[in-house]
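Novice: Here you go, one structure.
Only the coordinates and a few stated rules stand behind these numbers; no lab work does. These numbers come from a predicted model, not from an experiment. Counting neighbours? That spans all protein chains shown, and the Cβs are built from the backbone with ideal geometry, glycine included.
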Amino acid sequence: MKPLEDYLIIDFSQFLSGPSASLRLADMGARVIKVEKPLTGDICRSMYTSDLIMNGESSIFHTINRNKESFAADLKHPEDLNHIKTLITKADVVMHNFRPGVMERIGLSYDDVKVLNPNVVYAEISGYGLHPELVGNPGQDLLLQSLTALTWLTGNADDGPVPMGLSIVDMLAGAHLAQGILAALYKKAIQNTGALVQVSMLESAIDFQFETITTYFNDGGELPERTKSNNAHAYLGAPYGIYKTKNGYLALAMGSIPVLAELLSCEALLQFPENKFSLRDEIKTVLANHLETQNTSYWLNILEPADIWCAGVLNYQELFEEDGFKVLDFVQKVTMGDGYSYDTTRCPIKIDGELLKSDKGSPKLGEHTDKILKEFIGNG
């Protein structure tokens, strides 16, 4: 039995942040009923990040909404709204990621929902929390990366701001919301009381940088400086970075420069007896030139036996062909109600040695409306 079985979550969220939170809870056994607008549904159904169309809809939607049920309801329609309110009376968790004020206008704010279900866990993600100037702005990942200085940590010194190539702020906010919901469900189980769980993408993006921000506060207010080349961390010295080799790339983490000089037979590195932070650009230039002289495997065969922290740099094709990846059993096949199947990742969490897998794919829009109406409302 999965830990959250018998818990019911009514999920109004769309796009990535909220649905990523409910996906994780569904993986742990919760029943997630996704409330969607008739005809259009979650905007993510038609938000394509590539030209890939899977069973008529966006690959993003299928990825992040597997293992859920879809209930189509027009929240502006009185009958549909009453149905939703009935569902809420049965729910353990109600969650959304609408802009501030939307749920209040509908009549489904935390205070409204508490009247229907006093012990409910009510969870919400906003873009900017209580920030007075940004509260009404769109909570979009690239905008949040830009507004929180995250883009000044990636890339090299002369690259300008560089965003991460993933919707990292969405995923962080979703993870934080799932953590808050789990804590609130524990409180509910112990004390039989509900809770209001609030997360903002802004705060999640700032928290993500706790290490570098703490350094900034205690380093005289000096801005982080990326190295001129091979940058991987603005606050770490050489050799930390990724280097081109004769046939690929090599990642080097922290390490002693004199030790590397000896192992790599790099005479030019011997001029740096100390790994001073101020010398990292010069050290990386020497390293970069030297490492291009041999293949990645050549260097790994020298460095790994010496317990140097290093790795080859893989692409997806190379990663998925690795025996080490295959042992993880990280790919699962899920099937939609119409029989369409697709491969995706599983939940990364293991409990009592058990992988949290489910073969249930993403729902078609409104696929479970009639079933849910009969189960909870008594009609349909």
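Novice: Select from the chain the helices, each a whole stretch of DSSP H, whose alpha-carbon atoms run 15 Å or more along the helix axis and whose Kyte-Doolittle mean is at least -1.0; answer none if there are none.
Specialist: 17-27, 78-90, 168-191, 280-291
Novice: Distance from a point 7 Å along Cα→Cβ of His131 to each backbone N in segment 203-222: keep the residues under 16 Å and list them by number.
Specialist: 203-210
Novice: So what are the radius of gyration and Dmax for the Cα set of segment 206-251, in Å?
Specialist: For segment 206-251, the Cα-based Rg and Dmax read 13.4, 42 Å.
Novice: Along the Cα-to-Cβ line of Gln271, 7 Å from the Cα, sits a label point; which residues in segment 236-255 have backbone N less than 17 Å from it?
Specialist: Hits in segment 236-255 for Gln271 at 17 Å: 238.
Novice: Any idea what the dipole of segment 1-101 comes to, in debye rounded to 20, about its Cα centre with Lys/Arg Cβ at +1 and Asp/Glu Cβ at -1?
Specialist: In total the dipole reaches around 160 debye.
Novice: Follow-up. Using the Cβ atoms and a cut-off under 11 Å, what net charge is assigned to the surroundings of Asp6, where Lys and Arg are +1 and Asp and Glu are -1?
Specialist: 0
Novice: Counting other Cβ atoms within 10 Å of each Cβ, which trypsin sites (Lys or Arg not before Pro) in segment 179-282 have at most 13 and sit in a DSSP loop?
Specialist: Those satisfying the criteria are Lys246, Lys276.
Novice: List the extent of the Cα atoms of the chain along each of their three principal axes, largest first, rounded to whole Å.
Specialist: The Cα atoms of the chain stretch 80, 48, 43 Å along their principal axes.
Novice: Just want the ordering: Ser362, Ser167, Ser46, from fewest to most Cβ atoms lying within 10 Å of their own Cβ.
Specialist: Listed from fewest to most nearby Cβ atoms, that is Ser46, Ser167, Ser362.
Novice: Something else: Using 0.36 nm per residue, how much length does the chain from Ser358 to Ala157 gain when fully extended, once their Cα-Cα distance is taken away?
Specialist: That works out to 67.9 nm of additional length.
Novice: OK, next. What is the distance, in nm, between label points placed 7 Å from the Cα along the Cα-to-Cβ direction at Thr285 and at Ala253?
Specialist: With each label placed 7 Å out from Cα toward Cβ, I get 2.9 nm.
Novice: If the elastic network links every pair of Cα atoms under 10 Å, which of Gln14, Gln145, Gln179 fluctuates the most in the Gaussian network model of the chain?
Specialist: Maximum fluctuation in the GNM of the chain, among the listed residues, is at Gln179.
Novice: How far apart, in nm, are the 7 Å Cα→Cβ label points at Val331 and Leu300?
Specialist: 1.9
Novice: As a check on your grasp of the helix formula, calculate [θ] at 222 nm for the chain: sum -39500 (n - 2.57) over DSSP H runs of n ≥ 4, divide by the residue count, round to the nearest 500.
Specialist: It lands at -9500 deg cm²/dmol.
Novice: Let me ask something else. Between Asp6 and Arg99, how many nm apart are label points set 7 Å from Cα along the C-beta direction?
Specialist: 4.2
Novice: By how many nm would the segment from Asp111 to Asp343 lengthen if fully extended, with 0.36 nm per residue of separation less the alpha-carbon distance?
Specialist: Full extension from Asp111 to Asp343 adds 79.4 nm.
Novice: Then there is this: Within the set Lys2/Lys371; Lys246/Lys350; Lys37/Lys114; Lys34/Lys188; Lys188/Lys364, which residue pairs have Cα atoms separated by over 29 Å?
Specialist: Cα-Cα > 29 Å for Lys246/Lys350; Lys188/Lys364; rest within.
Novice: Would you tally the net charge around Thr193, using a Cβ to Cβ cut-off of less than 12 Å, leaving Thr193 out, and scoring K and R as +1, D and E as -1?
Specialist: Around Thr193, the charge tally is +3.
Novice: Sticking with this one: Give, as a single signed number, the net charge of other residues whose beta carbon lies under 15 Å from the beta carbon of Val162, with Lys and Arg counted +1 and Asp and Glu -1.
Specialist: With Lys, Arg at +1 and Asp, Glu at -1, the neighbours total -2.
Novice: Separate question: For segment 26-62 and segment 223-290, what is the separation of their Cα centres, given in Å?
Specialist: Comparing the Cα centres of segment 26-62 and segment 223-290, I get a distance of 44 Å.
Novice: Tell me, in nm to one decimal, what length is gained between Met47 and Trp309 on full extension, where the rule is 0.36 nm per residue of separation less the Cα-Cα distance?
Specialist: Between Met47 and Trp309, full extension yields 90.4 nm more.
Novice: Counting DSSP beta bridges in the chain, what percent are antiparallel, to the nearest 5?
Specialist: 40
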